[in-house]
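Computed from the coordinates by the stated procedures, all read-outs in this text should not be read as laboratory data. Just so it is clear, the model here is predicted, and its values are computed rather than measured. Positions of Cβ are generated from backbone atoms using ideal geometry, with glycine treated the same way; all protein chains shown enter the neighbour counts.
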Amino acid sequence: MKAAQLTDFIANEFNASLSYSIPNGTFPLIPSGKWNDRVVFPYLTTDDAGNEVVDKIEEGYTLADCSISKSLFKNKVSLTGGV
């Protein structure tokens, strides 16, 4: 097992978000998504020679959500709900 380097813990992350107002203009619909090629979870372990080294677990994930928003009290408060 080789010792982990700093570049082993760098991951790519991409985000996207759109906003669409329903024609009457009162409820913007906001779909968004997030993609991570990996998330790194470092932990301390020992190699075959008994030396302590930092190893890692890598897992990637994708998230997607959609929300709708409503402005209240002359646009002073915004109420948002989504899944």
Report task. Work out the length of the dipole vector of the range 11-80 about its Cα centre, built from +1 on the beta-carbon of each Lys and Arg and -1 on the beta-carbon of each Asp and Glu, and round it to the nearest 20 debye. Result -> 1020
Report summary line: Label model pair Ser67, Asn15: point-to-point distance (7 angstrom along the Cα→beta-carbon line) in nm is 1.1
Requested in this report: For Phe27, list long-range residues whose amide hydrogen, built 1.01 Å from N in the peptide plane, is under 5 Å from its own amide hydrogen.
Outcome: Ile22
